1. If you check B:ALA24, B:ALA39, B:ALA49, which single one turns out to be under 20 Å from A:ALA95 (Cα atoms), more than 10 Å from every other protein chain (Cβ to nearest Cβ), among the hydrophobic types (A, V, I, L, M, F, W, C) and open to solvent by less than 50 Å² (accessible area, probe 1.4 Å)?
2. For the range B:141-169, how many residues meet the condition of being over 24 Å from the mean Cα position of the chain (by Cα) and either in a loop (DSSP other than H, G, I, E, B) or not hydrophobic (A, V, I, L, M, F, W, C) (or both)?
3. Answer yes if at least one residue in the range A:63-85 is under 23 Å from B:THR209 (Cβ atoms) and without any contact (Cβ under 8 Å) to a residue 60 or more places away in the chain, and no otherwise.
4. Could you list, in sequence order, all residues of the range A:68-100 that are open to solvent by less than 30 Å² (accessible area, probe 1.4 Å), under 29 Å from B:PRO70 (Cα atoms) and of a type in the set (S, T, N, Q)?
5. What pairs come out if I take residues in the range B:169-192 that are under 29 Å from B:GLY112 (Cα atoms) and pair them with residues that are assigned to a helix (DSSP H, G or I) and modelled with pLDDT under 95 whose C-beta lies under 6 Å away, six or more apart or interchain?
6. Of the residues that make up the range B:193-203, is at least one open to solvent by 40 Å² or more (accessible area, probe 1.4 Å), within 14 Å of chain A (Cβ to nearest Cβ) and either out of contact with any Pro (no Cβ under 7 Å at 6 or more places or on another chain) or not in a helix (DSSP H, G or I) (or both)?
7. Exactly one of (1) within 13 Å of another protein chain (Cβ to nearest Cβ); (2) more than 30 Å from A:TRP72 (Cβ to Cβ); (3) open to solvent by less than 50 Å² (accessible area, probe 1.4 Å) is unmet by B:ARG110. Its number?
8. Among (1) more than 20 Å from A:HIS29 (Cα to Cα); (2) open to solvent by less than 20 Å² (accessible area, probe 1.4 Å); (3) over 19 Å from the mean Cα position of the chain (by Cα), there is one condition B:GLY85 misses while meeting the rest; what is its number?
Amino acid sequence: MAHHAHPPHGHAGHGIESPGAAEAHSHAHTVVPMRVLVLVLMALLGFTFLTVLAASIEQWVSATFDVVIPQWVNVAVALSIAVVKSLLVAAFFMALRYDNPTNALVAFFTVITLAFFLGFTMIDLGNRDAVYAKKAQYIADGGTGYHAAGTTQAQRAREIASQESIDLIARDQPLPKHLAKFCVLEIERFHAQAKELPEYLRTFQARREHLGKNYHDDGHGAHGGHGALARPDHATPNAAVIRSGLTLPELGGKGHSDEHHAPADHHNPADHHTPAPGGDTPAQPAD
Amino acid sequence: MSTLSMDQPGQADGAPAPPIHETATHAHHFRDRDHEFDAAKMGVWLFLATEVLLFSGLFMYYAAMRYLHPEAFRHGSSLLDWRWGLINTAVLLMSSFTAAAAVRDAQLGRQGWLKLNLLLTCLAGLAFLVIKFVFEYYPKWLAGELPGKYYTYPNWEDPNEVHWWGLYWAATGVHATHVLIGIGLYAWMFVRAFLGYYGPKRYMMVEGTALYWHIVDIVWIFLFPMLYLIH
């Protein structure tokens, strides 16, 4: 803070590059040359086109030569260009290059704080698998379950989808698009392995052939705008699903009186509208 | 000899009053105008630090959700049109240029250019918002690509795409709110420039608002590739 060492008065008559003689000695009053501002604007626009170009080239290469480019390449290129652009803005438009270094220090520590915040959270996320394997016995229904011991995300998603399909087919309900797609893929998978289809897939296949291709066209077609079925209830915030999350099982039961309902009832908003087959009263989770 | 009035110090014999930026002095608790300027500017920088931390929560949400649901984010991202993002990026970059030029004009006392650059910055901010609302927000609203319980878009491909739209609306919404505040500040400064508020000795508001505008620009510099280009 060299400029504070100057006497507070009597500093008129300094250089002409600064605005106002009374403030002529300060770092904080440098006038950034117009040539620099124009060059920086040109560079920023150039980098903007470059980042779009890089993303397009990458997609083109990936599609034309049928290669899988790992996603980190995409992320690294896009964010590196963004960092360069930000440094240009900070250094010249925000004049940190010419300014009192205290302000640059504030900016620097802001970036450091940001790096800690992002870095440690990602370290946490990236190592969840190691933790969940030890805590698996505590994962109650309602959590994502993606990281439960011995279960991959794909296996878990398949279990959820097949259970939902079974429930809906058993109640003669139309399948939403994602479940219909899932069933078709499952049928192909079983055929490819020359295995016999499970009961619900046989039912689905037969019904699909009977009704035609529009079978799964929920929400718009003959099955009439049933919004809830158009969305997956296990991921939709508005579904009346009790989500106990990563809690002890005995804590998850609080808030609903019926302790005997099946887990599928948690997941299915359709259960609020349709009685289950066999005359049983479907369990209603209390709100 | 001139006679001085107690009520209007500095105005003598019907001479026009000097503009405000000529007569303003520093507050009594500062040593001099420089001291006041440096303190105010550092205050702006500390405020900008809190702004970055505000947006860092959204960046964090993006990183975590992209990590957990890559397919949902890939498909959600493919539903955005990068061309509007590119146009809006160019608009914001040019407005940052005019904001920096406005600071320069105030420092050099070029009143006409100062007013022009303040107006151009304000209009560029408005253009950003108009493009955003007309070509992005409104069609997405109609398509049901909305966050949380308002998400009714039927053609999703991954059940977690609602998270993508939550991020999209939160991040661009908070950013658009900042742009709106910046537009208000630039409109206000445009009016005050006509009243003679800004000149070589008094331009802290022009510079402070420009710093704020640049940080809003930097946030968009990151949001643009994150939302539109990473696939």
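The values are calculated or read from the model by the stated rules, or taken from the named source; none is laboratory data. Everything numeric here is computed off the predicted structure, so don't read it as measured data. Don't worry about glycine lacking a Cβ; one is built from the backbone with ideal geometry, like all the others, and counts go over all protein chains shown. What goes into the accessible areas is simple: the full protein's heavy atoms, side chains included, and nothing from ligands, DNA or RNA. Shrake-Rupley method; radii C 1.70, N 1.55, O 1.52, S 1.80 Å.
1. B:ALA39
2. Count: 19.
3. Within the range A:63-85 (the criterion being under 23 Å from B:THR209 (Cβ atoms) and without any contact (Cβ under 8 Å) to a residue 60 or more places away in the chain), the answer is yes, since at least one residue qualifies.
4. A:ASN74, A:SER86
5. As it stands, the answer is none, since no pair meets every condition given.
6. yes
7. Result: B:ARG110 fails condition (3) only.
8. Result: B:GLY85 passes all but (3).
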